Amino acid sequence: MTTPREIAADIREYLRSNSAVCAEGAAHGWRWLRFCAGEWRAVRYCSGDERRSSYVEGRVFDDDEALDWIESHPATLRPTAEAYRWDPAEQTVWEDACEQDVFSDFDRCFWCGGSDRDHDLQEYQTVEDGVCSLCDECHTAWADAGEIVSTAGKGRGAKA
Ligand SMILES: [Zn+2]
């Protein structure tokens with residue numbers, strides 16, 4: 001008899017050979033999973049409590065984690081070009097992830113997820129979240145909200 005895990009393994013093999021297809025899970029946690037650039041990439045948007053809701057959080061799964069996720073999440077297979085948080089949306093989660101350098105070695109803005117590649121990030125001592133890297137735009141918003149204690153030093157815009 002075919003087991004759920006065998007079905008999940010078949011889906012995993014399908015995803016592995018189709019980088020233009022991702023699985024979208026209906027449950028909480030990691031919402032989308034895709035095999036891309038030789039790795040399993042899981043992504044979700046943040047809830048909006050601790051990060052801006054457009055912030056894309058990502059994690060790389062190993063083969064077993066990918067299998068576990070597929071087995072435990074009733075998932076819809078869909079083209080990566082249609083993986084939106086909601087409709088209508090301008091960009092897919094994968095485009096947002098790429099723009100925010102979720103799977104690259106760049107520092108990111110604590111609040112919006114903006115990459116150091118195209119945002120000037122600076123570290124600040126904040127009231128509730130300790131030392132955070134923020135882009136100019138988010139820093140302005142946080143300063144207006146009284147969340148900034150001081151400039152923490154590191155960063156390209158740091159003044160001695
Ligand atoms: Zn920002």
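None of the figures in this text is laboratory data; all of them are computed from the coordinates on show. Everything quoted here is computed from the prediction, not taken from an experiment. All Cβ positions, glycine included, derive from the backbone under ideal geometry; neighbour counts span all protein chains shown.
Hey, can you tell me all the residues within the range 118-152 that are surrounded by fewer than 17 Cβ atoms within 10 Å (Cβ to Cβ) and either among the hydrophobic types (A, V, I, L, M, F, W, C) or under 16 Å from the mean Cα position of the chain (by Cα) (or both)?
Val127, Val131, Ala141, Ala143, Ala145, Val149
If I go through the range 57-80 residue by residue, how many of them are touching a helix residue (DSSP H, G or I) at 6+ places or on another chain (Cβ under 8 Å) and over 20 Å from His28 (Cβ atoms)?
Looking only at that region, the number is 2.
I'd like to check something: does the range 74-94 contain any residue that is surrounded by 13 or more Cβ atoms within 10 Å (Cβ to Cβ), in contact (Cβ under 8 Å) with a residue 60 or more places away in the chain and more than 30 Å from Arg16 (Cβ to Cβ)?
Within the range 74-94, none of the residues are surrounded by 13 or more Cβ atoms within 10 Å (Cβ to Cβ), in contact (Cβ under 8 Å) with a residue 60 or more places away in the chain and more than 30 Å from Arg16 (Cβ to Cβ).
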